[in-house]
1. Here is a check on your reading of the model: is residue 181 outside any strand (DSSP E or B) and surrounded by 14 or more Cβ atoms within 10 Å (Cβ to Cβ)?
2. So which of 96, 147, 163 is surrounded by 17 or more Cβ atoms within 10 Å (Cβ to Cβ) and either at pLDDT below 95 or not in a strand (DSSP E or B) (or both)?
3. Looking at region 117-175 only, could you name the residues that are over 20 Å from residue 269 (Cβ atoms) and of a type in the set (S, T, N, Q)?
4. Return only the number of the condition from (1) touching a strand residue (DSSP E or B) at 6+ places or on another chain (Cβ under 6 Å); (2) within 30 Å of residue 141 (Cα to Cα) that residue 102 does not satisfy.
5. Which condition from (1) buried (at least 17 other Cβ atoms within 10 Å of the Cβ); (2) closer than 24 Å to residue 59 by Cα; (3) in contact with a strand residue (DSSP E or B) (Cβ under 6 Å, 6 or more places away or on another chain) is the one that residue 157 breaks?
6. Of all the residues that make up region 176-200, how many are within 28 Å of residue 240 (Cβ to Cβ) and not aromatic (Phe, Trp, Tyr)?
7. Quick check on this structure: which one of 86, 121 is farther than 30 Å from residue 207 by Cα and of a type in the set (Lys, Arg)?
8. Kindly establish whether residue 62 is outside any strand (DSSP E or B), closer than 21 Å to residue 200 by Cβ and modelled with pLDDT of 95 or more.
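The values are calculated or read from the model by the stated rules, or taken from the named source; none is laboratory data. Just so we're clear, the structure is a prediction, and the values are computed from it rather than from any experiment. Note that each Cβ is placed from the backbone with ideal geometry, even for glycine, and that neighbours are counted across all protein chains shown. SASA here: full protein model, heavy atoms, side chains in, ligands and nucleic acids out. Shrake-Rupley method; radii C 1.70, N 1.55, O 1.52, S 1.80 Å.
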Amino acid sequence: MKSILTLITVFTMGLIHSQTHRFIYELQYKMDSTEAGHEKLNMVLDITPKEVKFYGQNLIITDSLNKKFGMNSSHTDMSGQVVKRKINSFDNENYINIKQGYYSYKTTDKINWTISDEIKKVENYTLQKATTKFGGRSWTAWFCKDIPFNEGPFKFRGLPGLIFELSDAKKNFVYNLIKSQKLTGFYSTNDFLESNFGNKAVPINEKQKYKLIMEFYNDPFAFERNTISKSTNDLKININGKEIRNIDELNTQTKSMQEVIRKYNNPLEIDKGMHYPVY
């Protein structure tokens, strides 16, 4: 977090003229809430005078390599935490990959904080504690008044300072601020956030989102099923390293995939989570 000190020094002078303040968080998360270990991702919080965006750092890396080497690679962000909103707003535009499509849907996510008098020192920074309930989980945040952005990871905002640390009570999701940057120009995310490497986000609502997710769960290999059904030859399809030659073998793979989907069903907003049936 040492680079944040530089940002604080130039903050007053640079706020009006700067275009993007970037904060990098390490996210530790559990895909399966019953497991002891965590997966890790670096997540990006971009704050401009007009907008706030939160997304996985791997999207930037893929986009940068594409532009530098003339590549056409893509990356699917599996964090479920790609959002943007207007500055000082709780109205979020959410972005999600479902099946082969890329979609956006709007939510209003008001967060009510209880600010504690408890403080702690992290390196040279004084952090203050705050708690809230959001998404069916209880959360604790530590924010720094010395960086007067009322933003933080994902949809967590509204405190009188930038959130440095954030975690839910069961430690399924743990965020720690690890780096900051002040970019001199506006950083465009058009190629990987508003559109996903060539697939422009299709606007839907939450009801449509649930329908699309359930359609995928019910038949995750719908394309392969259609291909086998129409084939008159001895067609072989490779799924996860296995050769599939008929519908019965495909049905076995479908049940295995459904088991995986149910096992790794640990969204941050569990109050909006999917309830998958067992067939």
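1. Working: outside any strand (DSSP E or B): no; surrounded by 14 or more Cβ atoms within 10 Å (Cβ to Cβ): yes.
Against the criterion (outside any strand (DSSP E or B) and surrounded by 14 or more Cβ atoms within 10 Å (Cβ to Cβ)), residue 181 does not qualify.
2. Details: 96 fails: either at pLDDT below 95 or not in a strand (DSSP E or B) (or both); 163 fails: either at pLDDT below 95 or not in a strand (DSSP E or B) (or both).
Of 96, 147, 163, the one residue that is surrounded by 17 or more Cβ atoms within 10 Å (Cβ to Cβ) and either at pLDDT below 95 or not in a strand (DSSP E or B) (or both) is 147.
3. Result: 124, 126, 128, 150.
4. If we test residue 102 against (1) touching a strand residue (DSSP E or B) at 6+ places or on another chain (Cβ under 6 Å); (2) within 30 Å of residue 141 (Cα to Cα), just (2) comes out false.
5. Result: residue 157 fails condition (3) only.
6. Result for region 176-200: 3.
7. It is 121.
8. On the way: outside any strand (DSSP E or B): yes; closer than 21 Å to residue 200 by Cβ: yes; modelled with pLDDT of 95 or more: yes.
Yes.
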